Amino acid sequence: MCIPCFKLGLVINPYAGIGGSVALKGSDGVETREKALALGATKLANTRTRLALEELLSLKDKVHIYTASGEMGETLVAEMGFDYTVVYQQEAAQSEAQDTERCARQLMQHNVDLLLFAGGDGTARNVCHIIGETLPVLGVPAGCKIHSGVYAVTPQAAGRVVAMMIQGEIVTLQEADVMDIDEALFRQGRVNARQYGEMRVPSELRYIQAVKMGGKESDELVLSDIAAHVIEFMEEHPERLFVMGSGSTVDFIMQELGLSNTLLGVDLVQNQQIVAHDVTASALLEYTTNQATTLVITLIGGQGHIFGRGNQQLSPDVLKQIGREHFLLVATKSKLQGLNGKPLIADTGDADLDAQLAGVISVTTGYKDQVLYPIAKF
């Protein structure tokens, strides 16, 4: 072990986000995870954690990782060649919330310098329950629901913050909210988020996400103008398939069309009629193959994410097939102003695709009214 050495705690929720691509809107509970796997979902938490740890490869001789067995950390760090110590052995084949909490308790007893964890808001709650504000933490975004302010904006961003700390750069610690929502209500199209506590995170503001702003857009006149623009485009292109993303702005467009909408899912519209409701990533890929398609999406208020937060059905393969030039991004100017100059974020899970999506994009902010706004490159 290196001396002195940065002691990095690592805990991965292997099942985080598993329900996203198959439209289950979460991964809480054994039944949900089993259903997701039966539907063909892929576990991606270790893949996303790898993206974070790749930022540390050049610093291997300066860091020692303390982690859990198997998919909760050991398998990945061993593959990547890091020095590590296993401090917790999970009991069952499928890890549960109590495994995250027990591992966090062990990491705290080993006095790690930072606890890096991969998951969603449920995982953040588990970590917070044990750690509170006793030591610095940082989340690698891997879940379906990420409202909390303890996560980096992308996995790579999480790795860069850890690298800064390993190299002794000055990184201020700040308190950040741990938020979560009721998954049962979420599946019914209702968002009921509440605060569960606070944890201390390294506050490199380029890399740490803001707490999601709740509530629906209130300026109905502006939303009506946006809807009119989109509907006119649909009228002019009846042959095109429109993939309607999640969020309240897109929901308003669907209301103006007189169509039922999956607020927190993805629906398909053609010739102003519903083709399919709440579709999965695999179904989307089938529907959009050899079909002229437009993707209608909005951004998360306060955070700026357009991909990777609550819309994992929009997989990298689907996005590549549709093409950036066919993205119809809609948002009010007040929503853009609420970002306070921060760029939009594409966190698709495919680093090369994220890089391709970076740059200025047109945002429809009213009837035949667009503004240009940047998508960040990390």
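The values are calculated or read from the model by the stated rules, or taken from the named source; none is laboratory data. These figures come from a predicted structure and were not determined experimentally. Neighbour counts run over all protein chains shown; Cβ positions are idealised from the backbone, glycine included. In case anyone asks, the SASA skips ligands and DNA or RNA and just uses the protein heavy atoms, side chains included. Shrake-Rupley method; radii C 1.70, N 1.55, O 1.52, S 1.80 Å.
Listing for the model above:
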| read-out | value |
| --- | --- |
| Test set (1) of a type in the set (Lys, Arg); (2) surrounded by fewer than 16 Cβ atoms within 10 Å (Cβ to Cβ); (3) at pLDDT 95 or above; (4) within 23 Å of the chain's Cα centre (by Cα) - Arg50 fails condition number | (2) |
| Filter result (touching a helix residue (DSSP H, G or I) at 6+ places or on another chain (Cβ under 6 Å) and within 18 Å of Leu44 (Cα to Cα)) within segment 81-115 | Ser95, Ala97, Thr100 |
| All positions within segment 61-94 that are surrounded by fewer than 16 Cβ atoms within 10 Å (Cβ to Cβ), in contact with an Asp or Glu (Cβ under 9 Å, 6 or more places away or on another chain) and part of a helix (DSSP H, G or I) | Asp61 |
| Breaking point among (1) open to solvent by less than 20 Å² (accessible area, probe 1.4 Å); (2) out of contact with any strand residue (DSSP E or B) (no Cβ under 6 Å at 6 or more places or on another chain); (3) within 15 Å of Met199 (Cα to Cα), for Asn126 | (1) |
| Condition broken by Asp354, with the remaining ones in (1) within 24 Å of Leu263 (Cβ to Cβ); (2) of a type outside the set (S, T, N, Q); (3) buried (at least 21 other Cβ atoms within 10 Å of the Cβ) satisfied | (1) |
| Failed criterion for Cys128 (all others in (1) part of a strand (DSSP E or B); (2) touching a Gly at 6+ places or on another chain (Cβ under 9 Å) hold) | (1) |
| Residue ranges of helices (runs of 4 or more DSSP H) in segment 303-377 with at least 2 members touching a residue at least 12 places away in the same chain (Cβ under 8 Å) and under 16 Å from Thr288 (Cβ atoms) | 316-322 |
| Search result, residues across segment 75-93 that are closer than 14 Å to Val63 by Cβ, β-branched (Val, Ile, Thr) and within 27 Å of the chain's Cα centre (by Cα) | Val77 |
| Total residues in segment 305-333, condition touching a strand residue (DSSP E or B) at 6+ places or on another chain (Cβ under 6 Å), surrounded by 24 or more Cβ atoms within 10 Å (Cβ to Cβ) and modelled with pLDDT under 90 | 0 |
| Scope segment 109-123; condition in a helix (DSSP H, G or I) and open to solvent by 60 Å² or more (accessible area, probe 1.4 Å); matching residues | Gln109 |
| Residue in segment 272-292 that is open to solvent by 10 Å² or more (accessible area, probe 1.4 Å), more than 19 Å from Thr364 (Cβ to Cβ) and among the aromatic types (Phe, Trp, Tyr) present | yes |
| Residue under evaluation Gly143, criteria (1) open to solvent by 10 Å² or more (accessible area, probe 1.4 Å); (2) assigned to a loop (DSSP other than H, G, I, E, B), criterion not met | (1) |
| Filter pass, Lys35 being touching a Leu at 6+ places or on another chain (Cβ under 8 Å), surrounded by fewer than 17 Cβ atoms within 10 Å (Cβ to Cβ) and modelled with pLDDT under 60 | yes |
| Scan of segment 95-104 for residues that are assigned to a helix (DSSP H, G or I) and of a type in the set (Gly, Ala, Ser), ordered by number | Ala97, Ala104 |
